[in-house]
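The values are calculated or read from the model by the stated rules, or taken from the named source; none is laboratory data. Because the structure is a prediction, the values reported are computed rather than measured. Glycine gets a Cβ as well: all are built from the backbone with ideal geometry, and neighbour counts include every protein chain shown. Note: accessible area is taken over every heavy atom of the protein model, side chains too, but ligands, DNA and RNA are not part of it. Shrake-Rupley method; radii C 1.70, N 1.55, O 1.52, S 1.80 Å.
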Amino acid sequence: MKRSSAANIDYLGFGLLGVWLASLQIMLDKGQELDWFGSKMIVWCAVIATAGFIAFIVRELVTAHPIVDLRILKNRNFAIGNVLMLLIGALLYATIAILPLFMQNLLHYTALAAGMAMTPFGIGAFTATIIVGRIAGHISNRVLIVISCLLFGYSSFALGNINLQVAPANLFWPIIISGVGASSMYVPVATSAMGTLSQEQMGNAAGIFNLMRNIGGSVGIAAITTLVTRHAQTSQAALVWHMSKFNSNFQQQLLHLQTALASNTGNWAATKKSLAVLYGILQQQSSLLSYVYGFRICVLVCLVCAALAFLFKKVGKQTGPVAAH
């Protein structure tokens, strides 16, 4: 650091990095709210992010003193590790984002109750960190990554079978298993990604590695919220066809509801209120299907992560520290 002169700092690369990252984060944060590319603001953010990203890559590859040395991505393990960390970050943040929303919007939990219900995730993560730290040197990193991905996938699969009558006890084990799976991924992925790099490359590699996790988290939250919102609309359009005068079961349920309400509200008001009640149920079921669909997508991503783990080359014994979060 003392030998380096100010002229060696890549100010242009730093500026381009800030521009495309800021534009990308704004796009992901505001995309669903502004209807994505239906908004001129989102379109401009996408254009700036894309142009800035391309210019940043070109700049970092041609300059003698890049602020981020992208040539390190030629290392196979490190490149695969970054892809995995991007997907894992998306999975983790998507799950943490979608579960409290499901509890509050459909199960009518308070914010405090939803937070308490998520406590097992932290318990599972804390426990897994201790266990993985002790066994990491005795079991292959690839095996640990596959097991972690399958555990997370199992928890997502279990959450993908929920309904509106689910009890807190039924959510406990899937949530705690997801915490175990999420936490136990980081150490073996970081070790496999960094294990074939030299000590001089570690600082630069750690920055890229953690950036991938943060970008993955932003992408995961944006993707899952958009998926849940859009799929709820699709599900409602599919289910509404069953609420027809040609459907005898629907007409029978409507008649029973009108009869039950008529004693309190009168026949005319009962007719109106019964339709409103059934429409509310339709919206609830449509939202439920969208959350179920989101969890099942997470299962597929977990399987992709497990498959990517087999692409890692075997890492020898570590001679120094491995950067991880």
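In the stretch 158-180, the qualifying residues are those that are touching a residue at least 60 places away in the same chain (Cβ under 8 Å) and closer than 28 Å to residue 143 by Cβ, and the one that is surrounded by the fewest Cβ atoms within 10 Å (Cβ to Cβ) is 161.
Checked against (1) open to solvent by less than 50 Å² (accessible area, probe 1.4 Å); (2) at pLDDT 85 or above, residue 223 passes all but a single condition, namely (1). Checking each residue in the stretch 36-63 for being closer than 17 Å to residue 11 by Cβ and touching a residue at least 40 places away in the same chain (Cβ under 8 Å) picks out 56, 59, 60, 63.
Being open to solvent by less than 60 Å² (accessible area, probe 1.4 Å) and farther than 30 Å from residue 78 by Cα, is that true of even one residue in the stretch 205-212? So that I can check it myself, show each step before the final result.
Let us first name the residues in the stretch 205-212 that are open to solvent by less than 60 Å² (accessible area, probe 1.4 Å), namely 205-212.
Subsequent filtering for residues that are farther than 30 Å from residue 78 by Cα retains none.
Within the stretch 205-212, not a single residue is open to solvent by less than 60 Å² (accessible area, probe 1.4 Å) and farther than 30 Å from residue 78 by Cα.
Among the residues making up the stretch 229-269, those that are farther than 16 Å from residue 280 by Cβ, open to solvent by 50 Å² or more (accessible area, probe 1.4 Å) and not in a helix (DSSP H, G or I) are 245, 246. Screening 25, 32 for residues that are outside any loop (DSSP other than H, G, I, E, B), of a type in the set (S, T, N, Q), crowded, with 16+ Cβ neighbours inside 10 Å and touching a Ser or Thr at 6+ places or on another chain (Cβ under 9 Å) leaves exactly one candidate, 25. The C-beta contact set for the stretch 9-34 (first residue in contact (Cβ under 8 Å) with a residue 40 or more places away in the chain and farther than 15 Å from residue 47 by Cβ, second residue open to solvent by 30 Å² or more (accessible area, probe 1.4 Å) and basic (Lys, Arg), distance under 9 angstrom, 6+ apart or interchain) comprises 10/59; 12/59; 13/59; 32/230. Checking every residue in the stretch 312-322 against the condition of being part of a helix (DSSP H, G or I), open to solvent by 60 Å² or more (accessible area, probe 1.4 Å) and either modelled with pLDDT under 90 or under 28 Å from residue 189 (Cα atoms) (or both) gives zero matches. For the stretch 184-200, a residue qualifies if it is assigned to a helix (DSSP H, G or I) and crowded, with 18+ Cβ neighbours inside 10 Å, and the qualifying residues are 184, 185, 186, 187, 188, 189, 190, 191, 192, 193, 194.
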